Amino acid sequence: MFPVLFCFPQRYPGGLMAARRWRGLPFGNLSDCPNGSRWIMDVFNECAQDGRDVASIVLGLGSIACFIAAAFPQFYQACRTGIMDQALSIYFLLGWLGGDLLNLIGSFLADQLPLQVYTAIYYVLADLGMLSLYCYYRVKNRGRACPAPINAAFVFLSVGSLPCLSLLGSASTEAPGPFRGRSLLSAPGDELGPKPFSRTEIIGFAIGSISSVLYLCSRVPQICTNYKRKSTSGVSYSLFALVMLGNSLYGLSVLLKNPEPGQGQGDYILHHLPWLVGSLGVLALDVVVSFPLGWGPSLPAGPCSGVG
């Protein structure tokens, strides 16, 4: 539903922190992060060495809070109006679900903190909750079964779960690649330059890119649905307001993070480009979707008739 792509940028020195996290070794060891914040290391097992890193973590947590709260206004609106099947585009919901599923897979591949993994699982469950409400009101209001796209989506989830689990299993046993976050073992004289991607990072980068495309494309059917209906009744403005705030906070949290030692700013942006596109890139489309919601229910007729 929402880009976490909720992964905080990887800040695990030499892959050692990630290894401790998943292998059950004790947290809070600052030997790999000598200048890091003790409380952040104890709570999040995250290396925050200055104010920028701390601010990035705080903004990232704020974005997660926004995304967790975003679904509830739409749940309330759906129950209050009873027209969720008319208000939201099924392709909008499926695009969110697809993006969140890929984001969940990417959070494993990127060795994210358990907080990010659990949050990604919550997003998928929230998406499934919205799809369930959509099906319920579609059957109730129109006397029809769930549309074919939903049935196809659940078949895809069932069939695709096994290869995804296999991929995650093989990725977890892979030896650390040449770029595994902050490397405090680099010599002080290392020159800035591009860091190569490991195989796991390449897979994660590809998954993140596809997820970003799904997040971007999901807004188009909803824009068309709004103009087709000439009304935004049944759509919660708070949903999009919280999503926009969460995406803004997340994008800022990524940009505030200091690059790895020996890594240039441009190379850092490249490594996190899908996550930035998936968060900041959708803001303009969310404004188009939500701007009329704050002004009233009437919208001019548009060319998108037939999109549901």
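Please treat every number below as a calculation from the coordinates, not as lab data. None of these values were measured; they are calculated from a predicted model. Positions of Cβ are backbone-derived with ideal geometry, glycine not excepted, and every protein chain shown enters the neighbour counts.
General remarks:
- Segment 212-287, Rg to Rh (Cα coordinates; Rh as Kirkwood inverse mean 1/r): 1.12
- Cβ crowding within 10 Å ranks Phe205, Phe72 as Phe72, Phe205, fewest other Cβ atoms first.
- R0 of 41 Å, Cβ-Cβ distance Tyr118-Gln265: FRET efficiency to nearest 0.05: 0.85
- Efficiency of FRET between Ile68 and Ile210 - r from beta-carbon atoms, R0 30 angstrom, step 0.05: 0.80
- Put in order of Cβ neighbour count within 10 Å, fewest first, the listed residues Arg80, Arg52 become Arg80, Arg52.
- Fewest-first ranking of Cys33, Cys217, using other Cβ atoms within 10 Å as the exposure measure: Cys217, Cys33
- Local net charge near Met130, Cβ-Cβ under 13 Å (Lys/Arg +1, Asp/Glu -1): -2
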